[in-house]
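Student: Can you read through this structure? Questions will come right after.
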Amino acid sequence: MMQNLIAEAQESVNSGRFWVQRYLHGEVSLKGLWRQQESYYPNSYEDWQSLYGIGGIKLLSGSYFWMPEVMTLDLDLEFNPETRKEKYIQIPDRNETRTLSKIGIRSTLLSKKPVSFSPFYTYNYSYFNRENLTNVRSKTQNWGGRVVFNNKTVPVTLSYNDLYWRQKETETGLLYTNRRKTLEGRSVWHIFEKDRNEFVYGYDDYTYTYTVSDTTHNTVNRFSLNNQFYLDSANNYSFNSFINFFDQTGTYTFRRFEVNERLSFNLPYNFRLKMHYNYYSLKDLQKLKQNRATIDFSHKLYESLRTYVHGSYSNTNQTVYDETNLRIGAGFEYSKKIREWGRLNINYGYYRNNTDVKSDSRPVTVINETHSLTDGVPALLDRPYVDMFSVVVKDISGTIIYRLNLDYILIERNNYVEIQRIIGGQIPNGGDVMVDYIAVQPGDYGYDLNNHRIYTGVVFFHRLFEIYYRGGFQDYTNVKQSGFITLKYYHQNIAGIRIEKSFFRGGIEYDHFDSNIIPYRMMRYYLNLQKNFRYKLFLTLNASLRDYTYIEDDQEQLLGNVTAMASYNLRQRSKLELETGYLKHKVYMTNLNLWTGRLKYTTFYRQLYFEAGFDFYSRNYTENRFTMNGVFVKLTRKF
């Protein structure tokens, strides 16, 4: 606290000066790298060596003019020129993102006045890799600013952002560019004591280009209004309203309007009531309107038992079909302590859904269907009878168009389509995507869907040991159809054992999914270890293995990942680190074995830092094999 008071006093004394330097940090570095690389292809072999040096300087500066309230200026600068002596420039650095040059400038003017302005500019030129597989050279430039109108009644913020990035894969030569301009206005205000209201308007203009010849250009007008407030003094009753409008024109044109209204009541005697209404409309080549209402009523008895019932009704009117759904369900969650050594958990849920569809058998357009793509987790498009050539996969913002057989693959599964990401592509593991496609809508049909879910588990000795079972069952009754239709039947059984100690966590799980779409068996093993030995030696180990067998075509998928790290403090200022990893990815028609390793020694004296180490990289991908060994030395002077 005394240091803060001294700093404030110094700034107060210096406030009469034209320019005041608040801080200045940085470093100067020199790094040398040597690489030996071998590539094995079906009909060729390549062997070459690389030697290059990198000199670098980093500078972080913060200052203000006259007083901090008048103008602040923050700089983040980095420059790392390099010299190379090699035959091929394909492998910049396998183990880390490396910045060649960076500029960051931020400023704030009149921060405590009724109107303040904050401009910025950033530039970054760097190498990075996707999952240690795909090396990318990237240039990014971003500039813009924000104007804030400060007032107690209705404060308003206006912002502008101009982003451009260019990415080129160094081995394949594939080029991606993206330019996005965004203008946004935002206002937050309060009318009563316990409410919050926000209005946002935005305009986006973006252009995405893939290998120059394929360009996507769209403009978007959007606005949203969010209102939330409590209906009583104890905050037990609340209301939330969200209205959203999205109008996009260009390569992909559509208009979307959505309304969400929610009421929540925390009632006496641990009862709770929630109601929700949703209106959704979408207009593209076809039109869609949907009304949906849900209600949830639950009760909690002490800390042991929670029971609930829920119901929903929805009607969807689309150019091609008219669909009505009525769902009713109930369930409970029970948890009971077993003496001093364990706990029993039992959950059960059931719902019945009545579906009635009136339709002609003709194509229907699906827009912005969201899916999460995780390695080893099957992801099916919602509708059967999909035209595979019509599928378009985008990032969650709709800006980046992913490429078939480069970023993802499509697999036919009994009238449905499964989508899988390709490791090393632009889609990250666990990333969300939006999918557009055309599917054939069946004729009139109807059914009652019955779904059961159950979980039971016993935890022993303060979560040291757990054994559990999860089950699911889904079937259909009262099926009426006038055309072709494929329903998703399944019966799933999952059993597992988990062990957890302070520094250790591991388990085994068996999953049998018997389905008419994607039946499979899976064994999952996982292990996490983290241990610190008297602050001298630190160890971490993370390992997981998923072994799938797809029953229908007797296909095996194997997903394994092991990472380990050991850090040993030789002296107070010296440290030895070892990092290693192995990745096994046998999925569909790809087979990947990837080994990585790094041994590094670091030490420092005062402001002088030294590090040296050895890198290892080996990739066996389908029929191609690549191996790299390297040595690096780096000297850094910080100030």
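The values are calculated or read from the model by the stated rules, or taken from the named source; none is laboratory data. Just so it is clear, the structure is predicted and the values come from calculations on it, not from any experiment. Here Cβ is always computed from backbone atoms with ideal geometry, including for glycine, and neighbour counts include all displayed protein chains. In case anyone asks, the SASA skips ligands and DNA or RNA and just uses the protein heavy atoms, side chains included. Shrake-Rupley method; radii C 1.70, N 1.55, O 1.52, S 1.80 Å.
Student: Checking Gly185 against (1) surrounded by 15 or more Cβ atoms within 10 Å (Cβ to Cβ); (2) under 26 Å from Gln318 (Cβ atoms); (3) of a type in the set (Gly, Ala, Ser), which single condition isn't satisfied?
Tutor: Against the list (1) surrounded by 15 or more Cβ atoms within 10 Å (Cβ to Cβ); (2) under 26 Å from Gln318 (Cβ atoms); (3) of a type in the set (Gly, Ala, Ser), Gly185 comes up short only on (2).
Student: Right, Gly443: within 30 Å of the chain's Cα centre (by Cα) and assigned to a loop (DSSP other than H, G, I, E, B) or not?
Tutor: So Gly443 does not fit the description; no.
Student: I need the full set of residues from segment 340-369 which are acidic (Asp, Glu), under 22 Å from Leu282 (Cβ atoms) and modelled with pLDDT under 85, in order please.
Tutor: Selection gives Asp360 alone.
Student: For segment 265-282, which positions are out of contact with any Ser or Thr (no Cβ under 9 Å at 6 or more places or on another chain) and of a type in the set (A, V, I, L, M, F, W, C)?
Tutor: Leu267, Leu282 - these are the residues of segment 265-282 that are out of contact with any Ser or Thr (no Cβ under 9 Å at 6 or more places or on another chain) and of a type in the set (A, V, I, L, M, F, W, C).
Student: With Phe257, Phe265, Phe245 as the choices, which residue is over 32 Å from the mean Cα position of the chain (by Cα) and open to solvent by 40 Å² or more (accessible area, probe 1.4 Å)?
Tutor: After applying the criteria, what remains is Phe265.
Student: If Val154 satisfies all but one of (1) part of a strand (DSSP E or B); (2) open to solvent by less than 70 Å² (accessible area, probe 1.4 Å), what's the number of the condition it fails?
Tutor: (1)
Student: Inspect all residues belonging to segment 343-354 and state whether any of them is closer than 30 Å to Thr249 by Cβ and among the polar types (S, T, N, Q).
Tutor: no
Student: I would also like to ask the following. Looking at segment 511-535 only, could you name the residues that are in a strand (DSSP E or B), over 26 Å from the mean Cα position of the chain (by Cα) and surrounded by 14 or more Cβ atoms within 10 Å (Cβ to Cβ)?
Tutor: Selection gives His512, Phe513, Asp514, Ser515, Tyr520, Arg521.
Student: Then there is this: Could you give me the residue pairs with C-beta distances under 6 Å whose first residue belongs to segment 545-568 and is under 25 Å from Tyr617 (Cα atoms), whose second residue is part of a loop (DSSP other than H, G, I, E, B) and open to solvent by less than 70 Å² (accessible area, probe 1.4 Å) wherever it lies, and which are 6+ apart or on separate chains?
Tutor: Arg546/Gly376; Leu559/Asp375; Leu559/Gly376
Student: Also: What are the pairs with Cβ atoms under 6 angstrom where one residue, in segment 272-300, is touching a residue at least 24 places away in the same chain (Cβ under 8 Å) and the other, located anywhere, is open to solvent by less than 50 Å² (accessible area, probe 1.4 Å) and outside any strand (DSSP E or B)? Sequence gap at least six, or different chains.
Tutor: So the pair list comes out empty.
Student: Next question, about the same structure. Of the residues Val220, Val200, Val148, only one is open to solvent by less than 60 Å² (accessible area, probe 1.4 Å) and farther than 30 Å from Ile401 by Cα; which?
Tutor: Val148
Student: Return the total of residues in segment 107-129 being within 22 Å of Arg179 (Cβ to Cβ) and open to solvent by less than 30 Å² (accessible area, probe 1.4 Å).
Tutor: 2
Student: Run His452 past the list (1) open to solvent by 70 Å² or more (accessible area, probe 1.4 Å); (2) modelled with pLDDT of 90 or more and report the number of the one that doesn't hold.
Tutor: The number of the failed condition is (1).
Student: Can you tell me how many residues within segment 511-545 are farther than 19 Å from Glu556 by Cα and not aromatic (Phe, Trp, Tyr)?
Tutor: Residues that pass the stated criteria total 14.
Student: While we're here: Determine whether Thr177 is buried (at least 16 other Cβ atoms within 10 Å of the Cβ), touching a His at 6+ places or on another chain (Cβ under 6 Å) and modelled with pLDDT of 90 or more.
Tutor: No: the conditions fail for Thr177.
Student: Identify all residues within segment 381-397 that are of a type in the set (A, V, I, L, M, F, W, C), open to solvent by 20 Å² or more (accessible area, probe 1.4 Å) and within 19 Å of the chain's Cα centre (by Cα); write none if there are none.
Tutor: Matches in segment 381-397: Ile396 only.
Student: Then there is this: Step by step: first the residues of segment 355-377, then only those that are in contact with an Asp or Glu (Cβ under 7 Å, 6 or more places away or on another chain) and among the small types (Gly, Ala, Ser), then the one that is least open to solvent (accessible area, probe 1.4 Å). Which residue is that?
Tutor: Per the stated criteria, the residue is Ser359.
Student: Quick one: Leu231 ticks every box in (1) open to solvent by 60 Å² or more (accessible area, probe 1.4 Å); (2) under 30 Å from Ile400 (Cβ atoms); (3) not charged (D, E, K, R) except a single one, so which number is it?
Tutor: (2)
Student: Continuing with the same structure: List pairs: first in segment 623-637 and surrounded by fewer than 16 Cβ atoms within 10 Å (Cβ to Cβ), second assigned to a strand (DSSP E or B) and aliphatic (A, V, I, L, M), Cβ under 6 Å, 6+ apart or cross-chain?
Tutor: Val633/Ala612; Leu635/Leu30; Arg637/Val28; Arg637/Leu608
Student: So, in segment 309-328, how many residues would count as being surrounded by fewer than 17 Cβ atoms within 10 Å (Cβ to Cβ) and within 15 Å of His452 (Cα to Cα)?
Tutor: Here the count works out to 2.
Student: Any chance you could count how many residues in segment 407-428 are in contact (Cβ under 8 Å) with a residue 24 or more places away in the chain, crowded, with 17+ Cβ neighbours inside 10 Å and either in contact with a Lys or Arg (Cβ under 7 Å, 6 or more places away or on another chain) or not in a strand (DSSP E or B) (or both)?
Tutor: Residues that pass the stated criteria total 7.
Student: Could you list all residues from segment 30-71 that are within 34 Å of the chain's Cα centre (by Cα), surrounded by 15 or more Cβ atoms within 10 Å (Cβ to Cβ) and closer than 30 Å to Phe120 by Cα?
Tutor: Ile54, Gly56, Lys58, Leu59, Leu60, Ser61, Gly62
Student: Considering only residues that are hydroxyl-bearing (Ser, Thr, Tyr) and more than 29 Å from the chain's Cα centre (by Cα), which ones fall in segment 424-440?
Tutor: Result: no residue meets the conditions.
Student: Considering each of Phe614, Phe604 in turn, give the residue that is among the aromatic types (Phe, Trp, Tyr), more than 23 Å from Tyr408 (Cβ to Cβ) and in contact with a Leu (Cβ under 7 Å, 6 or more places away or on another chain).
Tutor: Testing whether each residue is among the aromatic types (Phe, Trp, Tyr), more than 23 Å from Tyr408 (Cβ to Cβ) and in contact with a Leu (Cβ under 7 Å, 6 or more places away or on another chain) leaves just Phe614.
Student: Can you go through Thr486, Thr477 and tell me which one is part of a strand (DSSP E or B), hydroxyl-bearing (Ser, Thr, Tyr) and either over 21 Å from Thr355 (Cβ atoms) or open to solvent by less than 80 Å² (accessible area, probe 1.4 Å) (or both)?
Tutor: After ruling out the rest, the residue left standing is Thr477.
Student: If you go through segment 91-108 one residue at a time, do you hit one that is in a strand (DSSP E or B), among the β-branched types (Val, Ile, Thr) and at pLDDT below 90?
Tutor: yes
Student: Among residues belonging to segment 272-303 that are among the hydroxyl-bearing types (Ser, Thr, Tyr) and open to solvent by 40 Å² or more (accessible area, probe 1.4 Å), point out the one that is nearest to the chain's Cα centre (by Cα).
Tutor: The residue in question is Tyr280.
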